Amino acid sequence: MDFEEFMKKVVESLEENCKEGEEIRVHETQKNNDIIMHGLNKIREDQCMSANVYLEEMYEEYKEGTPLIVILMKIEDIFDHDNVARREDFENIKDFEKVKENIVYKLINYEKNEKNLETIPHRRFENLAIAYYIKADAIIEDATITISNKILEYWNRTEEDLYEAAKENSPIKNEYDYFEMNGLNVLTNKKKQHGAATILYKDVLKNIRDELDKDIYILPSSIHEVLLFPVDEFSDEEARTLREVVRDVNRKEVSEEDFLSDEIYYYDENADLVRLVEID
């Protein structure tokens, strides 16, 4: 069964079990790096949002041998245990002041998201982009809502307003986590989601640099984490080697959706800034 047949069968089966006032919807969602995925929702009359199930992920389970009936039961279970979004909760999103404290930022690749960046407020950060989203746990557990140009226009706010809010909120809402794993220094956040943005947090890299008492190369492992590589001094030869390692890992191990960058960066201690390593 190919993906289109799988999607049709799942929707038809779920619709057969819908109660009065329930509706199954499938929509295309543009994910990171301009990847298109198909989201599945069950909307009820007293809701304007629901849990989002990506059919591509379910199809992978099916291809790995999970029976269709088990997948359907799993999807129904997700919808049944959904912390439903009531209309009054969703209305809060229309008010900037009510969601301001939940606005945070993430880092994505600029070139691979050019199409998506046309529709969302952002700012350039070397060869990356800083984008913004709302942590909407009060509506649906672990839910996030990307802030679009339309939302920003409705709020009558600017990208600078988002940046200032996210700069203050991100270190609190997405607290950084720094640890050693298999000899590697990993920097991410407690939830391991969009953890690469922790390199933007005030004093985090400065304090780590002071602790290590070494210069730091920053290797983009994915949008969710970076690796910090301490050196006695920066050198083009070492930088080239590290960049090749990053590119090799990206090709072999990092999913297309989680890809952040094929370049490496360094912490400029004097300017207290992250900069792109420019080598031939």
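D by Stokes-Einstein for region 89-173, Kirkwood Rh over Cα pairs, 10 °C, 1.306 mPa s: 122 µm²/s. When restricted to Cα atoms, the chain yields an Rg and a Dmax of 21.1, 67 Å, respectively. Averaging the sequence gap over all C-alpha pairs within less than 8 Å and six or more residues apart, then dividing by the number of residues, gives region 176-276 a relative contact order of 24 percent.
Between I264 and V277, the built amide H atoms are under 5 Å apart, and every one of these is 5 or more places off in sequence or on another chain.
Dividing the helix sum by the residues of the chain, where each DSSP H run of 4 or more adds -39500 (n - 2.57), gives a mean residue ellipticity at 222 nm of -10000 deg cm²/dmol.
For region 113-184, applying the loop criterion from DSSP together with a ceiling of 14 other beta carbons within 10 Å to the trypsin sites (Lys or Arg not before Pro) yields no site.
With 31 Å as the limit, the listed pairs K94/K173; K8/K191; K8/K100; K9/K191; K19/K112 have K8/K191; K8/K100; K9/K191; K19/K112 beyond it between alpha carbons. Neighbour counting of Cβ atoms within 10 Å sorts the residues S261, S13, S170, fewest neighbours leading, into S13, S170, S261.
Sparse packing (at most 15 other Cβ atoms within 10 Å of the Cβ) combined with a DSSP loop state is found for the following GluC sites (Glu not before Pro) in region 9-38: E20. Annotation: aspartates and glutamates with alpha-carbon distance below 16 angstrom to K31 (same-chain offsets under eight excluded): E56, E57, E111, E114, E118, E256, E257, D258. Let's see if you can work this out: charge +1 on each Lys and Arg Cβ, -1 on each Asp and Glu Cβ, no other charges. What is the dipole magnitude of region 176-276 about its Cα centre, in debye to the nearest 20? Rounded to the nearest 20 debye, it is 420 debye.
Checking every one of the GluC sites (Glu not before Pro) in region 125-210 against DSSP loop status and a limit of 12 other Cβ atoms within 10 Å picks out E141, E175.
Extension gain, S255 to Y54: 0.36 nm times the residue separation minus the Cα-Cα distance gives 70.8 nm.
Any read-out appearing in this document is the output of simple, stated calculations on the displayed coordinates, not a laboratory observation. All values reported here derive from a predicted model rather than from experimental measurement. Note that we place each Cβ from the backbone using ideal geometry, even for glycine, and neighbour counts take in every protein chain shown.
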